[in-house]
Structures are given as structure tokens and as C-alpha cells.
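The values are calculated or read from the model by the stated rules, or taken from the named source; none is laboratory data. Fair warning: this is a prediction, and the values are worked out from it, not measured in the lab. Using ideal geometry, Cβ is built from the backbone for each residue, glycine included, and neighbour counts are taken over all protein chains shown.
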Amino acid sequence: MAQVGRIGVIALASLVVVDVVLVSFAIQHVRSGNADPRTAPTPLPSISSPAVEPSRTASPKPTGSASPSATAPATPAATGPVLIDIGSGDAVARATVGTCGDGGGSVQLSTDGGKTFSSAGLPDEAAVILRIASSDSDNAWVVASSSDCSEATTYRTSNGGESWDDSQGSAGSWHKVGDPAAEVHAPEGTVDVPCADEATVTGLSTLSQELAYVLCSDGQVLRSRDAGGSWRERGKAVGALDLDFVDETSGLAAATGDSSCEGVAIMSTSDAGETWEQSACVETTSTSPPDISAAGERAYLAVAGTVWYSTDTGETWERR
């Protein structure tokens with residue numbers, strides 16, 4: 001009986017071992033992914049992390065680079081359309097224009113010839129920048145409007161942008177209007193400019209309260225000697241988007257779309273805008289409209305956040 005009992009126990013143990021092997025084989029079969037998909041169990045929802053906002057996952061995070069805050073430039077970089085103006089010495093003023101309806105305008109000042117720029121805080125009402133001018137490292141002025149471009153105001157600083165005074169409104173200030181149009185604001189108020197067809201004003205250069213040049217979007221150059229009361233066509237700077245006159249006869253223009261220049265073509269005139277010749281090509285891949293400022297033999301060119309400098313009346317350019 002004892003021997004029979006031992007045989008029974010051994011047999012029972014063998015059956016248990018066989019069952020374990022079969023069960024183990026079945027588990028391995030399911031884990032290998034070969035199970036019938038029609039009978040595969042429905043996976044449980046993940047609870048390892050909450051959902052991330054779509055706006056934060058729109059662009060993949062770069063690998064091997066520092067966080068944006070760690071790599072931000074020491075001076076603000078302008079984006080979009082800009083304005084630039086030369087002051088005396090190494091003073092330069094630059095402005096990000098902004099747009100009517102959205103605002104976003106800002107002003108940056110430089111005291112080292114445009115190598116670096118520092119933000120100059122303006123009131124919240126100065127949301128769209130229409131014109132900027134620099135006198136020296138302390139003095140500059142800006143014509144800006146509210147975000148809806150309904151009213152323009154002139155802001156002046158005498159302490160390098162630390163504070164701004166708006167007590168004079170926009171009276172007496174030449175400037176472009178906020179929305180594209182065939183008109184400018186002259187010292188006595190807004191005046192029409194006889195641009196051809198449906199062209200609009202893209203460039204404005206003033207030499208006095210009475211004398212001003214405008215550039216229309218089709219390249220047409222016009223001059224007024226009576227504070228915008230009347231205009232006379234001078235010539236055409238084909239492809240030009242901005243211009244600036246040094247005196248009544250000499251000026252520079254910045255043009256795009258020239259097949260011989262992959263960037264901004266610098267054009268010059270010595271006959272008050274009647275004829276224009278290309279004097280240089282500044283290579284850039286940016287599609288933002290250029291802005292140019294000239295004084296004597298010096299000139300600055302700005303395209304988005306990049307600035308170039310010339311000391312020979314625009315014939316050669318150095319990136320700042």
C-alpha cells in the first residue's frame with residue numbers, strides 16, 4: 001500500500017508539472033503578439049502622465065541644445081518689418097513696426113553703432129511704430145499709434161529711452177500712416193500722394209518741414225517742396241521698398257526682386273531721384289521688407305533682426 005501510495009503521489013506531481021508547462025507555453029504565446037486579434041484583450045488606458053496641451057507639442061523639442069531662456073540674446077532681436085535711423089556718433093535707433101489690429105511695435109536703441117541694441121520701453125498706447133529718428137545717444141523720437149491705428153502720437157526721449165514725453169502729440173511730424181495707403185501725414189495733417197494706379201506709399205524721406213520725398217510701391221519717386229501740398233514725379237527706382245535722401249540730390253534706396261542680387265539691391269541717385277543705379281548687393285535670405293537710413297557717407301540697412309553698415313555711401317556693407 002505504501003508503494004502504491006508513493007506511485008500515486010508521483011503521478012499526481014507529474015500531472016501538475018505538465019499543467020505548469022502548458023500554462024507557461026500559453027502565456028509565452030500570447031506575449032509574442034501571435035494571439036488572435038479578435039480575442040486580444042482591450043488595453044487599459046495609460047495613467048502615467050496627463051495630456052499635454054496641443055500648443056506645447058506643435059513643434060518637437062530640439063535635442064542637444066539649451067533651453068530658450070538660456071540661449072536668448074543679450075539684446076532684443078527684431079522680427080518682422082523694421083525701421084532704422086542713424087544718429088550722430090554711434091547712436092542708432094531701430095523699431096519693430098507691429099501691425100494695425102494686433103500692435104506689437106517696439107523700440108530698440110544702440111550706442112555702439114548697431115552692434116547691440118537695448119529695449120526702450122514705450123507706453124502701451126504706442127503699439128504700432130510709424131516713424132523713428134535718432135539724434136544722439138540720449139535723444140530720439142518715435143511716432144506711434146494705438147493698436148487700431150486710429151490716432152498717432154509723437155514720443156520723445158532725452159535720456160536714452162528711460163522715459164518718453166508725449167506732450168506734443170503728432171503735430172508737425174512727417175510720417176507714414178498705419179495702413180497701406182497713397183497718403184502720408186505731413187506737418188499740417190494727412191495729405192494724398194499721387195501714386196500711380198493702386199500703388200501705396202512704402203518709403204518716406206524728409207529733409208525739412210517743407211521738403212520731402214516719397215516712394216510708391218511701384219517704385220515711383222515723388223517730391224514735395226511745400227509740406228505735401230503738391231507733388232512732382234522724379235523718376236522710378238524699380239523694385240525699391242524704401243529710400244532715404246542725404247540732401248536734395250543724393251539718396252539711397254533698398255530694392256528686392258532683382259535677378260542679379262539674392263537679397264537687397266542698394267540703389268543710388270545723384271540727380272534728385274530721376275535716375276537710379278545699383279551700387280551694391282547685400283545678400284540675405286530674409287523676405288522681410290528692408291529699411292535704409294543714410295547720413296553723409298554713412299548708411300544703415302535693416303532687414304528683420306539683421307543690421308548692415310556702410311561708410312562709403314552704400315558701395316560696400318558690413319554686417320553688424
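Of all residues in region 146-160, none that is over 15 Å from VAL107 (Cα atoms) has its Cβ atom under 8 Å from the Cβ atom of a residue that is aromatic (Phe, Trp, Tyr) and crowded, with 19+ Cβ neighbours inside 10 Å, 6 or more apart or on another chain. Give SER279, SER293 a once-over and let me know the one that is in contact with a strand residue (DSSP E or B) (Cβ under 6 Å, 6 or more places away or on another chain), assigned to a strand (DSSP E or B), among the hydroxyl-bearing types (Ser, Thr, Tyr) and closer than 24 Å to SER224 by Cβ. Just a single option satisfies the conditions, and that option is SER293. For region 301-319, the condition of being part of a loop (DSSP other than H, G, I, E, B), without any contact (Cβ under 8 Å) to a residue 60 or more places away in the chain and surrounded by 14 or more Cβ atoms within 10 Å (Cβ to Cβ) holds for at least one residue.
Within region 174-212, being of a type in the set (S, T, N, Q) and either within 23 Å of PRO290 (Cβ to Cβ) or out of contact with any strand residue (DSSP E or B) (no Cβ under 9 Å at 6 or more places or on another chain) (or both) holds for THR200, THR202, SER205, THR206, SER208. Restricting attention to region 209-242, the residues being of a type in the set (A, V, I, L, M, F, W, C) and more than 18 Å from HIS185 (Cα to Cα) number 4.
Tell me, please, whether a residue that is part of a loop (DSSP other than H, G, I, E, B), touching a Gly at 6+ places or on another chain (Cβ under 7 Å), in contact (Cβ under 8 Å) with a residue 12 or more places away in the chain and of a type outside the set (A, V, I, L, M, F, W, C) can be found in region 219-227. Yes, there is a match, as at least one residue in region 219-227 is part of a loop (DSSP other than H, G, I, E, B), touching a Gly at 6+ places or on another chain (Cβ under 7 Å), in contact (Cβ under 8 Å) with a residue 12 or more places away in the chain and of a type outside the set (A, V, I, L, M, F, W, C). Against the list (1) out of contact with any strand residue (DSSP E or B) (no Cβ under 8 Å at 6 or more places or on another chain); (2) closer than 26 Å to THR190 by Cα; (3) free of Cβ contacts under 8 Å to residues at least 40 places away in the same chain, the condition SER259 fails is (2). Inspection of region 279-299 identifies at least one residue that is more than 16 Å from ILE86 (Cβ to Cβ), among the acidic types (Asp, Glu) and under 24 Å from the mean Cα position of the chain (by Cα).
Residue-wise test of (1) within 21 Å of THR275 (Cα to Cα); (2) in contact with a Lys or Arg (Cβ under 8 Å, 6 or more places away or on another chain).
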{"site": "HIS175", "(1), (2)": "no, yes"}
{"site": "ALA186", "(1), (2)": "no, no"}
{"site": "ASP197", "(1), (2)": "no, no"}
{"site": "LEU207", "(1), (2)": "yes, no"}
{"site": "GLU210", "(1), (2)": "no, yes"}
{"site": "LEU215", "(1), (2)": "yes, no"}
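Name the single residue that is surrounded by the fewest Cβ atoms within 10 Å (Cβ to Cβ) among those in region 157-173 being polar (S, T, N, Q) and part of a loop (DSSP other than H, G, I, E, B). It comes out as SER167. Here the condition is being modelled with pLDDT of 95 or more, surrounded by 22 or more Cβ atoms within 10 Å (Cβ to Cβ) and among the acidic types (Asp, Glu); of ASP247, ASP242, it holds for ASP242 alone.
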